[in-house]
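What follows is a short report on a single structure.
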Amino acid sequence: MQKTKNHYLQKAYLRRFSDTQVIPPHKQHVWVYDKMTYKWKKKGVDNIGYINHLYSLKSIDGKTLHHIEDYFNECVEQPNLNVFNKILSKASLDTDDRLLFSMRIHG
């Protein structure tokens, strides 16, 4: 899978702010303000909060590597998504959840 769009804002987080009145086949979107045109517009969650190849690396032989993106997904985004969902569902957090979430907030 090509990982061109590297999101600095997690898509799962953005979906929490998306318009809930979506009729298929349309995708979830959020309203964003364009500072160049001074107008509000709808943008799909997949199309905001990213920079192309932000976390990509090039190997000596020219291959594009996605180790950093994979690390963020496996070690940061997925574990934090589980904690975030617990918080939203008002489930109690154990010590590991609290530590993980506090590291996310305080960097």
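The figures follow:
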read-out: For P(r) over Cα pairs in 5 Å bins from 0, in percent, calculated from these coordinates, the label among [x] 2, 13, 25, 27, 21, 10, 2, 0; [y] 2, 10, 15, 17, 17, 16, 13, 7, 2, 0; [z] 2, 12, 22, 24, 20, 12, 6, 2, 1, 0; value: [y]
read-out: FRET efficiency estimate (nearest 0.05) - Cβ-Cβ, LEU99 to LYS43, R0 41 angstrom; value: 0.75
read-out: Neighbourhood charge, 12 Å Cβ-Cβ cut-off, centred on HIS7 and excluding it, Lys, Arg +1 and Asp, Glu -1; value: +1
read-out: Cβ-defined net charge surrounding GLU77, 11 Å radius [Lys, Arg +1; Asp, Glu -1]; value: -1
read-out: Ranked TYR13, TYR38, criterion: other C-beta atoms within 10 Å, fewest first; value: TYR38, TYR13
read-out: Order of LYS41, LYS5 - criterion: other Cβ atoms within 10 Å of each residue's Cβ, fewest first; value: LYS41, LYS5
read-out: Extension gain from LEU54 to TYR8, taking 0.36 nm per residue of separation minus the Cα-Cα distance; value: 15.7 nm
read-out: Lysine pairs meeting the criterion (Cα under 14 Å, 8 or more apart or interchain), as found in the range 1-53; value: 5
read-out: Estimated [θ] at 222 nm from DSSP helical runs (n ≥ 4, -39500 (n - 2.57)) normalised by residues in the chain, nearest 500; value: -8500 deg cm²/dmol
read-out: Candidate aspartates and glutamates - alpha carbon under 15 Å from LYS86, same-chain residues fewer than 8 apart omitted; value: GLU77, ASP94, ASP96, ASP97
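Quick note: the coordinates plus some simple rules give every number you see, no bench work behind them. Remember, predicted model here, so these are calculated numbers, not experimental data. Here Cβ is always computed from backbone atoms with ideal geometry, including for glycine, and neighbour counts include all displayed protein chains.
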